[in-house]
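The values are calculated or read from the model by the stated rules, or taken from the named source; none is laboratory data. Fair warning: this is a prediction, and the values are worked out from it, not measured in the lab. Here the Cβ is made from the backbone with ideal geometry for all residues, glycine too, and neighbour counts use every protein chain on show. What goes into the accessible areas is simple: the full protein's heavy atoms, side chains included, and nothing from ligands, DNA or RNA. Shrake-Rupley method; radii C 1.70, N 1.55, O 1.52, S 1.80 Å.
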Amino acid sequence: MKLLIALYFFILAIIQTGLFLGVYHYYRSQSSVRPSPYWMVSLLASIFALIIFGAGVLTISDVAKPEFTFTIANFFFYIATLLQGLFCRSLNQEISKKIKIIFLCSAAIFLIVFELMRIHGNFEIRTVFFCILTSILYSWQIIELKAKRKESPSRQLLYLQYASSAEMFFAIGRIAILIISSLTIREVEQIPQVLILFTITQLVMNTLSYIAIGGYWAERIAVSNAQSKTENQEIRALLQERENLINSLLKANKTAATGALSASIAHELNQPLGASSLNIQFLQKKLSDGQMDPKLQQEVLNTLLLDNERAANIIRTLRSVFADERIESADVGLSQLSNDVLSIARPEIVSKQIKVRQSLPSNLIVQTNRSEIQQVLLNLLNNAIQALASSKQADKEIVIEGRFTGSGVELSIADNGDGVPLQAQANLFELLVDSQKKGMGLGLWLCKHIVMRHGGTIRYEPNLLSGARFIIELPIQSKAI
């Protein structure tokens, strides 16, 4: 009889150990949903209780006066039931510090009381005492589970509620059997078979409750993974939509940034084309008169070639600003890039009588996206031109400077205009916020966006005497993302 009862306890301990190890390793791989520490520790306490109780049954001689190990085993059983109740409570609300202290004190009181009952009481009193306490805890679990299921239906919590109800039923049944039998039990062989059956069945229901809790957390993980998959798809869609929006804004900003320059660029093209036309007419006249000197002919042809190259260079530079294709990162000389931008803006600069001063080393080279950084410089240069156009400054000047820093390169564009109003400086780089009445509120925001995606920064500083100064910092090997 002893061996058979001990075997029941050991088998249940092995089952619960397998459940604990499986759940532990499974949940260690999950980051979205973590199991409650209450039921994990509860399961561990139940395993210890089963092993200690099973080992105690093998060596017990007097059921009425068992060894101290039975107090330890029942203490672990009580802790396991207590923690399972706290787990059910935690489903509805966070366990307060006050409740934790109360239950910790109850566990200490249980240990003392049960030990006194082991020394001075008998098997029947201890069993009734333990079953009454656990029945109260099972009732509490059922109430908490009903409240949770009402708020958030779950099949696994329903199974847990059924298992807790069964545990309470068999605990009350054990009390009833002891009252009805009216036996004085001193040896294991005197324990009624039906009482052993109810005890083992209660422990089986307890094991099923742990399985139901494990199923509940697996259910939570499945829901969380499904939500994460949906959220990831939504995030990807939003990122794609954001990228499309930014590309559209880049195109719109290109038009806005160069719109003010288009007329003067046409004028700039008219100069080499007009000169070419005059030279061609001159050639035609000389040829028709038969008075063409070979030396003069070569000189006129060279002039035509230079005018043609000048017109082609203006068109090529402007075309690169409007290019829609994505250009991968490459080595870009900032000095040459600045010259290209100035060639586009030169008519406006000349018409506004603005002096441009550059200080850019020829070896100031970064690995970057030429088209996008060119657009940043064109935006800042156009802003400086507009600021000086509305300024009453007598000697209008734009200063473009560049230098190497410890982490990369620094490029600045400054003007001696009226500067940015103090109230506008805080939101200068925000979308649809523009300090100029004619602006669209896109330029500086896009400048910041482009520079940041290249791993750099852009900031505004008031010029020393008057005007504005924008400073760009880029790493040597920036790469558009």
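By what distance, in whole Å, do the Cα atoms of the stretch 76-185 stretch along each of the three principal axes, largest value first?
48, 31, 15
First select every other residue whose beta carbon is under 14 angstrom from the beta carbon of Asn463; then total the charges, Lys and Arg +1, Asp and Glu -1.
Charge balance near Asn463 sits at -2.
By per-residue mean of other Cβ atoms within 10 Å, what is the highest-first order of 346-358, 329-341?
The peptides rank, most packed first, as 329-341, 346-358.
Would you mind telling me the share, in percent, of accessible area of the stretch 95-198 contributed by carbon and sulfur at probe 1.4 angstrom?
Reported share for carbon and sulfur atoms: 70 percent.
What does the accessible area per residue of the stretch 86-155 come to in Å², with a 1.4 Å probe and no ligands, DNA or RNA counted?
With the other protein chains kept in place, the stretch 86-155 gives 57 Å² per residue.
First compute the accessible area of the stretch 356-403 with a 1.4 Å probe, then give the percent of it belonging to carbon and sulfur atoms.
With neighbouring chains kept in place, the figure for the stretch 356-403 is 43 percent.
In square nanometres, what is one fourth of the surface area of the convex hull spanned by the alpha carbons of the stretch 47-101?
Its Cα hull, projected and averaged over all orientations, spans 4.7 nm².
In whole angstrom, note down how far apart the Cα centers of the stretch 352-426 and the stretch 105-145 are.
81 Å
Write out the GluC sites (Glu not before Pro) in the stretch 364-436 meeting two conditions: DSSP loop, and at most 11 other Cβ atoms within 10 Å of their Cβ.
In loop regions of the stretch 364-436 (DSSP not H, G, I, E or B), there are no sparsely surrounded GluC sites (Glu not before Pro).
Which whole-number percent is the relative contact order of the stretch 92-193 (Cα, under 8 Å, 6+ apart)?
After rounding, I find 31 percent.
For Lys2, give me every one of the aspartates and glutamates with a C-alpha distance below 13 angstrom, ignoring sequence neighbours fewer than eight places off in its own chain.
Asp62, Glu187, Glu189
Under 19 Å Cα-Cα from Lys392, which aspartates and glutamates qualify once same-chain neighbours fewer than 8 residues away are excluded?
Filter leaves Glu348, Asp415, Asp418.
Give a quick list of GluC sites (Glu not before Pro) in the stretch 89-167 that DSSP marks as loop, anything other than H, G, I, E or B, with at most 11 other Cβ atoms within 10 Å.
Glu94
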